[in-house]
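Each remark here refers to the structure printed beneath this line.
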Amino acid sequence: MSERVIAYTDGGCVPNPGPGGWGVILLFRESARFLSGYASESTNNKMELTAATSALKALTKDGVDLELHTDSMYVKDGMQKWIHNWRARNWKTADKKPVKNREYWEELDRLTLKHHVDWNWVKGHDVSRYNNFVDWLATDAIDNRKGRDQKGPIDKIERFIDQALKSKI
């Protein structure tokens with residue numbers, strides 16, 4: 001039986017293109033880890049892809065059953081609908097143009113081969129506590145020009161999330 005991990009990811013730029021940030025939270029049994037990062041020049045789509053890639057890179061073993069939540073239809077549809085045809089057409093779109101962000105898609109594709117990933121879309125800036133938190137992480141990375149990496153018992157991480165989301169208001 002494989003390990004089950006739940007991840008929420010988000011990325012963004014202010015403005016787009018411009019300085020970017022991404023955030024991830026991973027939930028496993030009674031523990032959690034959140035991480036984020038910063039890029040001085042990027043795009044929203046690149047940061048969304050970086051967040052998903054970073055979630056997969058954070059897994060410590062192969063064969064994980066990952067439930068990944070993203071508010072990016074670009075990432076979700078790319079992995080569920082488009083990537084197979086892109087590969088088959090040598091990374092060209094249906095209208096024979098090069099796939100944008102190809103290197104990001106290739107890395108994400110390579111990493112997903114090690115795991116079973118269930119891609120889920122969640123509405124951004126809505127009622128999802130963890131999506132709101134990873135949005136906060138991405139914004140925090142942009143504002144502070146640096147990322148975070150923290151892990152611990154779920155109750156400790158939940159208290160941090162409470163404080164972060166209260167400060168957002």
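The values are calculated or read from the model by the stated rules, or taken from the named source; none is laboratory data. Note that the structure is predicted; figures quoted are calculated from it, not measured. Quick reminder, even Gly has a Cβ in these numbers, built from the backbone with ideal geometry, and neighbours come from all protein chains shown.
What the table shows:
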read-out	value
Meets criteria (touching a His at 6+ places or on another chain (Cβ under 7 Å), under 19 Å from VAL5 (Cα atoms) and in contact (Cβ under 8 Å) with a residue 60 or more places away in the chain) for VAL64	yes
Filtered residues of the stretch 89-110 (kept if in a helix (DSSP H, G or I), in contact with a helix residue (DSSP H, G or I) (Cβ under 7 Å, 6 or more places away or on another chain) and either at pLDDT below 95 or surrounded by fewer than 18 Cβ atoms within 10 Å (Cβ to Cβ) (or both))	GLU107, ASP109
Some residue of the stretch 51-60 being at pLDDT below 95, farther than 22 Å from PRO19 by Cα and not basic (Lys, Arg)	yes
Count of residues meeting criterion [surrounded by 15 or more Cβ atoms within 10 Å (Cβ to Cβ), under 14 Å from ALA55 (Cβ atoms) and more than 15 Å from the chain's Cα centre (by Cα)] in the stretch 111-146	1
Positions within the stretch 1-55 being in contact with a Gly (Cβ under 9 Å, 6 or more places away or on another chain), among the small types (Gly, Ala, Ser) and over 20 Å from LYS146 (Cβ atoms), in sequence order	SER2, SER31, ALA32, ALA52
Lone qualifier among SER36, SER42, SER54 - being crowded, with 19+ Cβ neighbours inside 10 Å, touching a residue at least 60 places away in the same chain (Cβ under 8 Å) and of a type in the set (Ser, Thr, Tyr)	SER36
Among the residues listed as LYS146, LYS151, LYS156, the single one being under 22 Å from VAL64 (Cα atoms), among the basic types (Lys, Arg) and modelled with pLDDT of 95 or more	LYS151
